[in-house]
1. Could you work out the percent of alpha carbon pairs in the stretch 90-135 separated by over 16 Å, rounded to a whole number?
2. Say we join alpha carbon atoms closer than 10 Å with springs in a Gaussian network model of the chain; which of L36, L107, L127 then has the biggest fluctuation?
3. Which semi-axes, in whole Å and largest first, does the equivalent ellipsoid of the chain have when worked out from the alpha carbon gyration tensor as the square roots of 5 times its eigenvalues?
4. Got the relative contact order for the chain handy, in percent, Cα pairs under 8 Å and 6 or more residues apart?
5. Using a cut-off of 25 Å between alpha-carbon atoms, which lysines can reach K123, once sequence neighbours fewer than 8 places away in the same chain are excluded?
6. Grab every C-alpha pair in the stretch 50-143, bin the distances at 10 angstrom width from 0 up to the longest one, and report whole percents.
7. Give the range of the longest stretch in the chain that excludes all trypsin sites (Lys or Arg not before Pro) found in loop regions by DSSP and having at most 12 other beta-carbon atoms within 10 Å.
8. List the chymotrypsin sites (Phe, Trp or Tyr not before Pro) within the stretch 1-97 that DSSP assigns to loop and that have no more than 13 neighbouring Cβ atoms inside 10 Å.
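Every number here is computed from the coordinates shown, using simple stated rules; none is lab data. For clarity, every value in this text was computed on a predicted model and none was experimentally measured. Because the Cβ atoms are built from the backbone with ideal geometry, glycine has one as well, and the counts that use them run over all protein chains shown.
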Amino acid sequence: MPAHVLGLSLAAFTHLHVALSLMGIFAGLVVLLGLLGSEELNAVTALFVLTTALTSLTGFLFPFKGVTPGIIFGVLSLIALFIAILARYAFHYGGRWRATYVVTTVLALWFNVFVFIVQSFEKIPALHAMAPTATEMPFKITQLVVLAVFIVLGIRAVRKFHPAKETPEDGVVTA
């Protein structure tokens with residue numbers, strides 16, 4: 001097992017990874033609230049995308065053997081972020097890209113929260129005691145409730161998010 005990753009001790013690297021993950025989750029929740037209010041929140045969205053991508057990328061650098069669920073979630077998160085970036089910046093929410101942006105943004109956030117819950121049940125003694133193998137009902141119920149909340153909020157966000165558009169002819173912003 002390497003003692004260092006990117007020049008940091010494994011403990012320091014883990015702290016960096018966790019800090020990025022928590023920043024990504026917090027920023028993602030703010031972005032989700034913005035979507036529900038039909039606001040783009042450019043700076044917070046950039047922070048969400050950056051920290052969530054870095055969370056996945058740094059996750060790949062931990063010493064591991066084979067493909068783990070965390071690696072699969074990291075790959076899926078990066079794919080969702082890539083599609084969200086395309087929908088927002090390349091296709092400017094045109095047509096179905098508005099809904100695609102919302103769904104992939106919410107999906108990337110949920111991936112991060114899912115892994116956060118897994119890690120919480122592994123690392124927090126009280127939670128670990130309730131579900132030591134992450135196959136017990138407290139873990140399953142927690143993940144199911146969180147998934148249901150994300151599905152409901154995602155559907156609401158798709159319905160509510162209609163960003164202002166600038167018309168090329170006159171530069172007027174419309175809703």
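1. On the way: 557 of 1035 pairs.
Taking all Cα-Cα pairs of the stretch 90-135, the fraction more than 16 Å apart is 54 percent.
2. With Cα springs under 10 Å in the chain, the top fluctuation among L36, L107, L127 is at L127.
3. Gyration-tensor ellipsoid for the chain: 33, 20, 13 Å.
4. 21 percent
5. K65, K140
6. In whole percents, the pair-distance histogram is 16, 37, 31, 13, 3.
7. Numbers: sites that count: K65, R96.
Within the chain, the longest run free of exposed trypsin sites (Lys or Arg not before Pro) spans 97-175.
8. Sites meeting the loop and neighbour criteria: F60, F64.
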